[in-house]
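Coordinate-derived values only; no laboratory data. For clarity, every value in this text was computed on a predicted model and none was experimentally measured. Note that we place each Cβ from the backbone using ideal geometry, even for glycine, and neighbour counts take in every protein chain shown.
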Amino acid sequence: MPAELRISRLALTVLRADLGRALPEEGCGLLLGLIDGPFWRIRRIWPCRNSWEPLTERAQRFAIDPREQLLAQRWSRQHGWQVLGSAHSHPTSEPVPSAIDRQLAFVPTLMLILGPAAGAGGTAGPGWAAEPGWASEPELAAWWLVGDGQPGGPCRRLGWRMED
């Protein structure tokens with residue numbers, strides 16, 4: 001389990017833009033980078049198409065095509081990196097893993113979720129404007145989903161910071 005996540009400025013910019021483009025559906029992608037002792041460094045976002053079926057449920061569900069996962073793994077290995085986890089958006093709910101997120105995840109795993117901040121009240125917070133398509137300031141939360149042998153097992157919130 002990572003002690004802290006460090007996300008490159010470029011990766012964070014790509015993540016927010018890509019997940020925002022998917023609105024009003026959930027967007028998704030893979031997190032590529034390095035494990036540096038207790039720190040996990042996310043260097044690149046591998047944008048993915050939400051392939052959840054049926055289409056009508058994509059506002060609350062996402063699935064990443066296994067072929068996209070294989071391409072991301074191959075590319076990462078060629079560059080000395082690895083797939084560290086996944087990211088997705090919650091267009092209408094807080095950035096907390098849902099029961100279905102926990103049930104369908106291959107645990108243990110890292111998961112980033114972008115969603116409306118708790119208590120945002122439909123307005124952007126200080127120092128930041130609401131992004132297009134979001135009703136309020138989106139918050140990015142990092143989670144470690146633990147494999148305890150139970151579907152929908154526990155998860156732990158992780159700290160993260162942006163770095164250049």
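Assorted remarks:
- Lone qualifier among 89, 93, 98 - being touching a His at 6+ places or on another chain (Cβ under 9 Å) and under 21 Å from residue 160 (Cα atoms): 98
- Qualifying residue in the range 82-104 (condition: among the charged types (D, E, K, R) and under 17 Å from residue 18 (Cα atoms)): no
- The range 81-107 - residue that is charged (D, E, K, R) and surrounded by 19 or more Cβ atoms within 10 Å (Cβ to Cβ) and, of those, nearest to residue 26 (Cα to Cα): 101
- Every pair of residues 6+ apart whose Cβ atoms lie under 6 Å, when the first sits in the range 94-107 and is more than 18 Å from residue 118 (Cβ to Cβ) and in contact (Cβ under 8 Å) with a residue 60 or more places away in the chain while the second is aliphatic (A, V, I, L, M) and surrounded by 15 or more Cβ atoms within 10 Å (Cβ to Cβ): none
- From the list 11, 59, 17, the one residue that fits, being touching a residue at least 12 places away in the same chain (Cβ under 8 Å) and assigned to a helix (DSSP H, G or I), is 11.
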